[in-house]
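Working notes, beginning with the structure itself.
The values are calculated or read from the model by the stated rules, or taken from the named source; none is laboratory data. As the structure is a prediction and not an experimental result, all values here were calculated from the model. Note that each Cβ is placed from the backbone with ideal geometry, even for glycine, and that neighbours are counted across all protein chains shown.
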Amino acid sequence: MPMGVDSEGAGLSSAGLSSADLDSVDLSRADLGSADLEQGELTLTGRIRTASNATFLGSIGGVSVVYKPIEGEKPLWDFPDGNLASREAAAFLVSEALGWRVVPRTWLRDGPLGVGMVQLWQDSDPDQDAVDLVPAADVPVVGWRQVLEGSDEHDRPVALIHEDTPTLRRMAVFDVIVNNADRKGDHILAMPDGHRHGVDHGLTFHAEHKLRTVLWGWLGEPLTAEELLGIDRVGGLLSGPLGSTLAELLSEEEVVAFAARCEALRSDGRFPAPTGEMPAVPWPLF
């Protein structure tokens, strides 16, 4: 069980996700009415059976949430057992520190199946796709970036593309610093207002390089002033409340590696290229 989490789910459910801990970071933007998300009753309403780990739909005071109990996490050879929920909570904290709302509000708390990750449910737009697989001859000239070419099951040439937008660029920066090993196309939620949320961040913050993503379209390009400022914000908070809270969710080695990635990206000032040490994209892509 992650350091700082007890069987009642008290520790990090509030200590890890409070406005006081992160100073100016706003953790309560959503209109939640009177719902007590940390202490209110979590009722299960369904199960997402396509997920690789036990993932449930739930409700807290009428607010729809996703619930992933630690007990439902499948063991992985390269990540510690029972630690994915903590990584999802840590990813939300970094998203908030950046100021970009990449990750929907996420926290740790007790539930019907024990302590787990809880995240606000997002009603994405099924008619929008931030990432797509299209015929290689039909790649849009404007507004999209091509990542790679390949062949489909009928040996027809296809191209993996993603939107060329500031919102998705910021998600790509976020993925670099949290070392996201699993940015699949369907881990990006296209919201009706044009915003893009990233979800499923259990495979993040490994101390070793693990970056696997479909968002390689800006490879080698300079970061914008806004992107650099976001990294600076994280660096400023790491020496205080953000760093101390991440230390409750991650190992010391992982927090040190996270700080080093932030510093390296800030210093280089460009989107990195794949290292060649491992596959650069997750599989399947969606």
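Scanning region 116-168 for residues that are in a loop (DSSP other than H, G, I, E, B) and among the aromatic types (Phe, Trp, Tyr) yields one hit, Trp121. Residues in region 200-237 that are of a type in the set (A, V, I, L, M) and under 18 Å from the mean Cα position of the chain (by Cα): Leu203, Ala207, Leu211, Val214, Leu215, Ile231, Val234. Any residue in region 266-284 that is free of Cβ contacts under 8 Å to residues at least 24 places away in the same chain, among the hydrophobic types (A, V, I, L, M, F, W, C), more than 16 Å from Asp175 (Cβ to Cβ) and not assigned by TED's automatic domain parsing to the domain that holds Ala172? Taking every residue of region 266-284 in turn, at least one turns out to be free of Cβ contacts under 8 Å to residues at least 24 places away in the same chain, among the hydrophobic types (A, V, I, L, M, F, W, C), more than 16 Å from Asp175 (Cβ to Cβ) and not assigned by TED's automatic domain parsing to the domain that holds Ala172.
Among the residues of region 52-76, those that are surrounded by fewer than 18 Cβ atoms within 10 Å (Cβ to Cβ) and closer than 20 Å to Val178 by Cβ comprise Ser52, Leu76.
Here region 79-105 is the region considered, the condition is being within 18 Å of the chain's Cα centre (by Cα) and acidic (Asp, Glu), and the residue that is nearest to Val178 (Cα to Cα) is Glu88. I'd like to check which strands (runs of 3 or more DSSP E) are fully inside region 1-105 and have at least 2 residues that are at pLDDT below 95, touching a Cys at 6+ places or on another chain (Cβ under 9 Å) and not β-branched (Val, Ile, Thr). Fully inside region 1-105 and qualifying: nothing.
Only one of the listed residues (Leu215, Leu189, Leu203, Leu219) is in a loop (DSSP other than H, G, I, E, B), aliphatic (A, V, I, L, M), more than 17 Å from Val94 (Cβ to Cβ) and touching a residue at least 24 places away in the same chain (Cβ under 8 Å). That residue is Leu219.
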